[in-house]
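Novice: I have a structure I would like to understand better, so I am pasting it below and will then ask my questions one at a time.
The values are calculated or read from the model by the stated rules, or taken from the named source; none is laboratory data. Because the structure is predicted, anything quoted here is derived from the model rather than measured. Cβ atoms come from the backbone with ideal geometry, glycine included; neighbour counts cover every protein chain shown.
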Amino acid sequence: MVVLESLLEREGLNKMDKKHSNPCYRCGNQRIVSKTWKEGVGINQVDVTLTVCPNPECQKTVNKELNAVHKKTVMMAQKKEERLMIRRRKKSL
Ligand SMILES: [Zn+2]
């Protein structure tokens, strides 16, 4: 029983290691945890970890790129919504 427990523990730790192995996609440096918090309600809470590149200049570029991607995603979602609205309007005519 003790052996099993320690095995499970070791596996859990290994999984954690993998989870935290998060190299920067630009420079390949191991990203560092800047902030952790819990999100969600009740039992659906998840640990959210925000990691940043140890190189501040690189992180700035990453942030810019992420922002650009985010804006694109939001814009695409808006366009999709508009198309849906037009379709709905046509249907009701
Ligand atoms: Zn980097």
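Novice: Among the residues of the range 52-73, which ones are within 13 Å of the ligand (Cβ to nearest atom), part of a helix (DSSP H, G or I) and of a type in the set (A, V, I, L, M, F, W, C)?
Specialist: Residues satisfying the conditions are 58, 62, 66.
Novice: Now, a different point. Can you spot a residue in the range 14-33 that is modelled with pLDDT under 90, of a type in the set (A, V, I, L, M, F, W, C) and surrounded by 10 or more Cβ atoms within 10 Å (Cβ to Cβ)?
Specialist: Checked the range 14-33: at least one residue is modelled with pLDDT under 90, of a type in the set (A, V, I, L, M, F, W, C) and surrounded by 10 or more Cβ atoms within 10 Å (Cβ to Cβ).
Novice: Anything in the range 50-93 that is hydrophobic (A, V, I, L, M, F, W, C) and either under 15 Å from the mean Cα position of the chain (by Cα) or under 28 Å from residue 38 (Cα atoms) (or both)? List them, or say none.
Specialist: If the condition is that a residue be hydrophobic (A, V, I, L, M, F, W, C) and either under 15 Å from the mean Cα position of the chain (by Cα) or under 28 Å from residue 38 (Cα atoms) (or both), then 50, 52, 53, 58, 62, 66, 68, 69, 74, 77 are the ones that fit.
Novice: Moving on to the next point. Of everything in the range 50-74, what is touching a residue at least 24 places away in the same chain (Cβ under 8 Å) and touching a helix residue (DSSP H, G or I) at 6+ places or on another chain (Cβ under 8 Å)? Give them in sequence order.
Specialist: Correct list: 53 only.
Novice: Something else now. With the requirement that a residue be more than 16 Å from the ligand (Cβ to nearest atom) and part of a strand (DSSP E or B), what does the range 21-42 give you?
Specialist: Scanning the range 21-42 gives 35, 36, 37, 38, 39.
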